[in-house]
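To start, the structure under review is shown below, and the notes come after it.
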Amino acid sequence: MAEYLILICEDENGYATASPDVFQQVMDAHNRFPEQVEETGGKVITGRALQPTPTATSVRGDVVTDGPFAETKEALGGFYLVEARDLDHALEIGKLCPARFGGVEVRPVMVFD
């Protein structure tokens, strides 16, 4: 099985203004996600949420700045590293990934021989 990274990109304002019920629904969906992946024959290797973008520090060459490099509506908020049979399977898994206020990007992990 190959490894794929599912990058969760969402509008952080959605969470900032969400009710506690909405936040709980999102957390419940993330807690169910590994089981859903296993039901498809895949596996979640790891996953993590990231702190909001105001905590980011960007480095470009020798220039260090507070905040993310680009101003965007959606920001990287977390990821899952999964095992899948192929890209089609990884996309099937990606469609299951909770991203209530945005979407996900599925990318194969590069393998070096």
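Taking strands (runs of 3 or more DSSP E) that fall entirely within the range 1-61, which contain at least 1 residues that are under 20 Å from H89 (Cα atoms) and not charged (D, E, K, R)?
Once the strands (runs of 3 or more DSSP E) in the range 1-61 are filtered for at least 1 residues that are under 20 Å from H89 (Cα atoms) and not charged (D, E, K, R), what remains is 2-10, 43-49.
Answer with yes or no whether F33 is exposed (fewer than 13 other Cβ atoms within 10 Å of the Cβ) and closer than 28 Å to M1 by Cα.
So F33 does not fit the description; no.
From the list E105, E92, E83, E74, which residue is touching a residue at least 40 places away in the same chain (Cβ under 8 Å) and farther than 13 Å from Y4 by Cβ?
Result: E74 is the single residue among E105, E92, E83, E74 that is touching a residue at least 40 places away in the same chain (Cβ under 8 Å) and farther than 13 Å from Y4 by Cβ.
State whether one or more residues within the range 7-17 are free of Cβ contacts under 8 Å to residues at least 12 places away in the same chain, in contact with a Phe, Trp or Tyr (Cβ under 6 Å, 6 or more places away or on another chain), within 25 Å of V109 (Cβ to Cβ) and not hydrophobic (A, V, I, L, M, F, W, C).
no
When you look at D28, is it open to solvent by 50 Å² or more (accessible area, probe 1.4 Å) and over 19 Å from E83 (Cα atoms), yes or no?
On the way: open to solvent by 50 Å² or more (accessible area, probe 1.4 Å): yes; over 19 Å from E83 (Cα atoms): yes.
In short, yes.
The values are calculated or read from the model by the stated rules, or taken from the named source; none is laboratory data. Keep in mind it's a predicted model, so treat the numbers as computed, not measured. When we count neighbours, we look across all protein chains shown, and the Cβ atoms used for this are built from the backbone with ideal geometry, even at glycine. Ligands, DNA and RNA are excluded from the accessible area calculation, which covers all protein heavy atoms including side chains. Shrake-Rupley method; radii C 1.70, N 1.55, O 1.52, S 1.80 Å.
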